[in-house]
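Have a look at the structure below, then the notes.
The values are calculated or read from the model by the stated rules, or taken from the named source; none is laboratory data. Fair warning: this is a prediction, and the values are worked out from it, not measured in the lab. When we count neighbours, we look across all protein chains shown, and the Cβ atoms used for this are built from the backbone with ideal geometry, even at glycine.
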Amino acid sequence: MVVTCLPSISLKRKAQDLTLKVDIFTLARYGVLHTVPVPLFHNREGGRSDGGAYSLAPTLATVSAFLSGMGRLDNWPQAIKHGNIGVSGMRDLEELATVSEIIRYADKWGNDLHSVVKTNKAEKLVPPLVLGKTLLAAMLFIGNRLRQQSIPYGGQFWNEDRWLNKYKGWLAEVSATAYAALHDTDVESARAVLDPLNDWQRYARQVAFFMTDAHAPYLREGYWRLFTHPFPEDIYEPTLKARGAKGRSRFGPYRERTFHPKKGFGGLYGQDDEPSLGPVNGQFPIRAFERAFWSVFV
């Protein structure tokens with residue numbers, strides 16, 4: 001198979017460009033999927049039958065089925081440090097597989113697909129569950145850029161719309177470019193489909209809030225936080241309320257040492273230099289990603 005004229009987008013910072021090739025989604029249009037863009041884990045705790053591997057839809061999988069939506073993502077900087085995609089596109093072609101191969105040999109391609117491949121909707125569900133990890137990787141790359149650029153300013157730009165605008169644009173363009181490649185259309189037509197379904201500004205705000213240290217004072221355990229740092233209302237939609245376990249208005253309790261009072265969610269064993277997205281056994285906090293991810297496949 002020869003694939004030419006692969007579309008791309010450029011994320012510009014002065015003279016340096018970060019280019020995300022969407023050859024992955026062009027190949028997907030022909031039924032060939034790139035299965036491991038970056039190594040993603042809920043956690044790396046021993047004794048788990050799934051090895052802690054990340055599932056984009058745990059309610060469809062045999063693991064963590066009690067969750068509603070995506071769960072915690074462990075040590076996201078490590079995940080993108082040695083990925084199989086980079087500025088020039090795919091790095092490891094050994095990870096390519098057809099949809100039929102994935103359905104037939106699910107054990108090889110991911111524990112999160114075990115239940116899915118046994119259903120009569122496997123051919124429809126496997127592509128988004130596999131390709132969604134590429135979209136998640138793209139969000140992590142953008143979030144890492146945002147995190148690094150915010151450090152000199154204290155990382156407190158989640159509520160500065162003017163500062164978020166370029167990240168809003170990049171996140172929207174990632175989804176639109178993927179949609180265009182997957183559905184064989186142009187980016188403008190893709191935006192016409194995706195824009196009514198997504199709040200890109202809120203998406204960028206959630207990335208800036210949870211992928212920097214900004215979230216830490218708002219998610220500390222205990223009632224005192226309610227009075228000193230009430231959870232910002234514009235992080236989530238008005239219909240979505242941030243609550244603690246069992247609907248309590250205070251957050252926590254978190255697993256011991258997994259939440260740093262100044263840095264927020266960290267590693268499974270108290271490593272404050274391993275930023276993670278969400279508490280142990282909790283939900284993935286960037287909820288806007290899920291909407292953006294699934295909308296690519298409408």
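Taking every residue in segment 152-168 that is within 20 Å of Leu140 (Cβ to Cβ) and pairing it with any residue that is of a type in the set (Ser, Thr, Tyr) and surrounded by fewer than 17 Cβ atoms within 10 Å (Cβ to Cβ), at least 6 positions away or on another chain, the pairs with Cβ-Cβ distances below 9 Å are Trp163/Tyr153.
Please indicate, with yes or no, whether at least one residue in segment 103-111 is at pLDDT 80 or above and in a strand (DSSP E or B). I'd like the intermediate steps shown before the answer.
As a first pass, look at segment 103-111 and keep what is at pLDDT 80 or above: 103-105.
Then keep just the ones that are in a strand (DSSP E or B); that gives none.
Checked against the condition, which is being at pLDDT 80 or above and in a strand (DSSP E or B), segment 103-111 yields no hits at all.
If we scan segment 37-55, do we find a residue that is modelled with pLDDT of 80 or more and of a type in the set (Gly, Ala, Ser)? Yes - at least one qualifying residue is present in segment 37-55. The residues on offer are Gly143, Gly132, and the sole one that is buried (at least 17 other Cβ atoms within 10 Å of the Cβ), closer than 25 Å to Gly83 by Cα and in contact with a Leu (Cβ under 6 Å, 6 or more places away or on another chain) is Gly132.
Residues are listed down the side, and each one gets a yes or a no for (1) buried (at least 20 other Cβ atoms within 10 Å of the Cβ); (2) out of contact with any strand residue (DSSP E or B) (no Cβ under 9 Å at 6 or more places or on another chain); (3) small (Gly, Ala, Ser); (4) at pLDDT 95 or above:
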| residue | (1), (2), (3), (4) |
| --- | --- |
| Glu188 | no, yes, no, yes |
| Leu194 | yes, yes, no, yes |
| Phe209 | yes, yes, no, yes |
| Arg248 | no, yes, no, no |
